[in-house]
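For reference, the structure discussed in these notes is given below.
What follows is calculated from the coordinates using simple rules that are stated; it is not laboratory data. Note that this is a predicted model, so its numbers are computed, not measured. Cβ placement follows ideal geometry from the backbone for every residue including glycine, while neighbour counts extend to all protein chains displayed.
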Amino acid sequence: MPKAHARPNNPVSMAEAIQALLDTVPGARTVFLRHKRSSQTLSIESYKTSDPEPDKLRKTAGYYEVGTYGRGIATSDLVADILETMGRVR
């Protein structure tokens, strides 16, 4: 079961959490920002690329795809992608 990571709205913490996950779990993962309108916070969720969940979430309101990443992604690149995605959140 994928986990939403703590420290909402902090792109560096989000990137570090994804990197830690990629270092421990083999394979590529698709990363999403989840916008919780009730609390106006963002959280990050990730799923294996082979799971059917990413296809569903691409069409679900409140979920914004950051990208698909594998082990070795640079923190600066991941933070830049998270910031770009945050700009698309309504």
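Annotations
- Debye, to nearest 20: dipole size of the chain, +1 on Lys, Arg Cβ, -1 on Asp, Glu Cβ: 400
- Protection proxy ranking, highest mean first, for peptides 12-20, 57-65, 77-85: 12-20, 77-85, 57-65, where packing is the per-residue count of other beta-carbon atoms within 10 Å, averaged.
- Column: log10 I(q)/I(0), Debye, Cα scatterers of the chain, q = 0.18 Å⁻¹: -0.72
- Each helix, a run of at least 4 DSSP H residues, gives -39500 (n - 2.57); summed and divided by the residues of the chain, these come to -11000 deg cm²/dmol at 222 nm.
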